[in-house]
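Colleague: Okay, handing you the structure first.
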Amino acid sequence: SVDPMTYEAQFFGFTPQTCMLRIYIAFQDYLFEVMQAVEQVILKKLDGIPNCEITPVQIRKCTEKFLCFMKGRFDNLFVKMEQLFLQWILRIPPNILLPEDKSQESHSYSEEEFQLLQKEIEQLQEKYKTELCTKQALLAELEEQKLVQAKLRQTLTLFDELQNVGRNHGTSDFRDSFVFLVQNSRKLQSIRDNVEKESK
Amino acid sequence: TISRLKLLDTTVDTFLQKLIAAGSYQRFTDCYKCFYQLQPEMTQRIYDKFMTQLQTSVREEISDIKAEGNLEAVLNALDTIAEEGKDRKELAWRPSGKPEEDLRSTLMPYFLQQRDALQRCVRKQEAENRQLAGAVLAGRRQVEELQLQGQAQWQAWQALHRGQKELVAVLRE
Amino acid sequence: FDEIIVDLATKRKQYPRKILECVIKIIKAKQE
């Protein structure tokens, strides 16, 4: 069961195993290349030696023998190096959370909690809209009240002015003066009646 | 604690040392015995060149990989992250494989903030509306008061009007 | 397989932030 090391890939941008494969192939290529170069140099040297009995096939066998040994050691050592890399260098320690996942550190939420919160938000939005409408309605009524109060005050002012008219002409209270006038008129009337009666 | 970069370099160095130790000159001459007997000095030079070249190539490769993957900065960053979280003992969260589930935890703090902000707005608006409602009720009382005053004055004038009619009637007689 | 892992891991790294940016924009727009 291969550990895909996806969390490491999330951090490094490559999988550690690929990185190690890349290193392995590169190192192995170098080993082969250098071995090839060694063999080329030796063959060239042998070319320069007159009556040399050593054949290229023999040299090739020497190369394969040395390379086979080196490759074996190389693979053993590389396995150890790979383990070290994958265990200590290219690994996110199991107790470590990457910065982009910080929010996972706190409480993890269930689907129900998520839906509940969405519902609560919608309800709050509706409630807020209602409150805003209420505010508009209250402000509208306050405006209307201002107009009505102004109108009513205008009427009261009119009445006060009427009152003042009377006052300005010596009549402090119309009502009393009417009562007074009616009484006087009645007195006049009874006087007139008396006069008429006596004159008869 | 050793930095990951140092550990990487040390690991590669150790790998190379061991590889070179394995490919000892002794081993090399054993394999190339026929050539060694013919040209011992040349064999030594070729072997030295071989080892030097192998190390140089390997180190260059590691430098290339460090540069390509920006490993220096990345490994130092990982050291920092690991250092910050070193006190944590329990296993840390890992992606669950269900994106919507993992995303929930990312988004929830923001939705919680939104809810709190909305709650504040609603509370603020409710308080404002309570004040406005108070003002409206006071305004209604005020209107009622003015209406009553107006009513009273209107009735007084109505009474006056009746008085005036009565006077006119009397006078007319 | 390797490409799938890297692709998946890249999405896991980038998408939450992108989605979060969209969600924050939506929340702000709703509030406005």
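Colleague: Please give every one of the lysines within straight-line cross-link reach of B:Lys86, meaning a C-alpha to C-alpha distance under 16 Å, and leave out same-chain neighbours fewer than 8 residues apart.
Modeller: A:Lys102
Colleague: Which pairs, out of A:Lys71/B:Lys89; B:Lys124/C:Lys28; B:Lys89/C:Lys25; A:Lys127/A:Lys151; A:Lys146/B:Lys124; B:Lys6/B:Lys98, put more than 30 Å between their alpha-carbon atoms?
Modeller: On the way: A:Lys71/B:Lys89 41 Å; B:Lys124/C:Lys28 19 Å; B:Lys89/C:Lys25 37 Å; A:Lys127/A:Lys151 36 Å; A:Lys146/B:Lys124 25 Å; B:Lys6/B:Lys98 37 Å.
Cα-Cα > 30 Å for A:Lys71/B:Lys89; B:Lys89/C:Lys25; A:Lys127/A:Lys151; B:Lys6/B:Lys98; rest within.
Colleague: Right, another one. Just tell me which aspartates and glutamates come within less than 18 Å, Cα to Cα, of C:Lys13; anything on the same chain fewer than 8 places away is out.
Modeller: Partners within reach: A:Glu8, A:Glu100, A:Asp101, A:Glu105, B:Glu100, B:Glu101, B:Asp102, C:Asp2, C:Glu3, C:Glu21.
Colleague: In the protein assembly as shown, if the dipole is taken from +1 on Lys/Arg beta carbons and -1 on Asp/Glu beta carbons about the Cα centre, which of B:Thr106, B:Leu91, A:Met70 is farthest to the positive end?
Modeller: B:Thr106
Colleague: How big is the equivalent ellipsoid of chain A along its three axes, where each semi-axis is √(5λ) from the Cα gyration tensor, reported in whole Å from largest to smallest?
Modeller: Computed over chain A, the values are 126, 19, 10 Å.
Colleague: Cα axis of helix B:40-68 to longest principal axis of chain B: angle in degrees, 0 to 90, nearest 10?
Modeller: The angle comes out near 0 degrees.
Colleague: To make sure I understand, if each residue's beta carbon is the centre and we count other beta carbons within 10 Å, what order do A:Ser199, B:Ser57 fall in, fewest to most?
Modeller: A:Ser199, B:Ser57
Colleague: With no solvent and one equal point scatterer per Cα, compute the Debye intensity ratio I(q)/I(0) for the stretch A:116-180 at 0.23, 0.24, 0.25, 0.28 Å⁻¹ and report its log10, rounded to two decimals.
Modeller: Here log10 of I(q) over I(0) equals -0.92, -0.95, -0.97, -1.04.
Colleague: Students often forget the sequence filter, so: which lysines lie under 18 Å Cα-Cα from A:Lys65 once same-chain residues fewer than 8 apart are removed?
Modeller: B:Lys33
Colleague: A further question follows. Where in the stretch B:137-154 is the amide nitrogen less than 18 Å from a point lying 7 Å along the Cα-to-Cβ axis of A:Thr155?
Modeller: B:139-154
Colleague: Using helices alone, what [θ] at 222 nm do you get for chain B, with -39,500 (n - 2.57) per DSSP H run of 4 or more residues, divided over all residues and rounded to the nearest 500?
Modeller: After summing the helix terms and dividing by residue count, I get -30500 deg cm²/dmol.
Colleague: Here is a follow-up. For B:Tyr110, B:Tyr36, what ranking results if the residue with the fewest other Cβ atoms within 10 Å of its Cβ goes first?
Modeller: Ordered from fewest to most neighbouring Cβ atoms within 10 Å, B:Tyr110, B:Tyr36 come out as B:Tyr110, B:Tyr36.
Colleague: Something else: Per residue, what volume in Å³ does the Cα convex hull of chain B take up?
Modeller: 241 Å³
Colleague: Give me B:Lys89, C:Lys25, C:Lys11 sorted ascending by neighbouring Cβ count inside 10 Å, so fewest comes first.
Modeller: Neighbour counts put them in this order, fewest first: B:Lys89, C:Lys25, C:Lys11.
Colleague: Continuing with this model, one more query. Give the angle, between 0 and 90 degrees and rounded to the nearest 10, that separates the Cα long axis of helix A:16-47 from the longest principal axis of the Cα atoms of chain A.
Modeller: With both axes taken from Cα atoms, the answer is about 30 degrees.
Colleague: Let me ask something additional. So, R0 is 30 Å and r is the distance between the beta-carbons of B:Leu112 and C:Gln14; what FRET efficiency does that work out to, to 0.05? Can you show the working numbers first?
Modeller: On the way: r = 24 Å, r/R0 = 0.78.
Efficiency, rounded to the nearest 0.05: 0.80.
Colleague: If only Cα atoms are counted, what is the Rg of the protein assembly as shown, and what is its Dmax, in Å?
Modeller: So, for the protein assembly as shown, Rg and Dmax equal 51.8, 194 Å respectively.
Colleague: Taking Cα atoms, how many degrees apart are the long axis of helix B:4-22 and the longest axis of chain B, rounded to 10 and kept between 0 and 90?
Modeller: Once rounded, one gets 20 degrees.
Colleague: Give, as ranges by residue number, the residues of the stretch A:120-157 whose backbone N falls under 14 Å from the point 7 Å along Cα→Cβ of B:Gln142.
Modeller: Within reach of a label on B:Gln142, which here means backbone N under 14 Å from a point 7 Å along Cα→Cβ, the stretch A:120-157 contributes A:139-154.
Where a number appears in this text, it was derived from the coordinates with a stated rule and is not lab data. None of these values were measured; they are calculated from a predicted model. Here the Cβ is made from the backbone with ideal geometry for all residues, glycine too, and neighbour counts use every protein chain on show.
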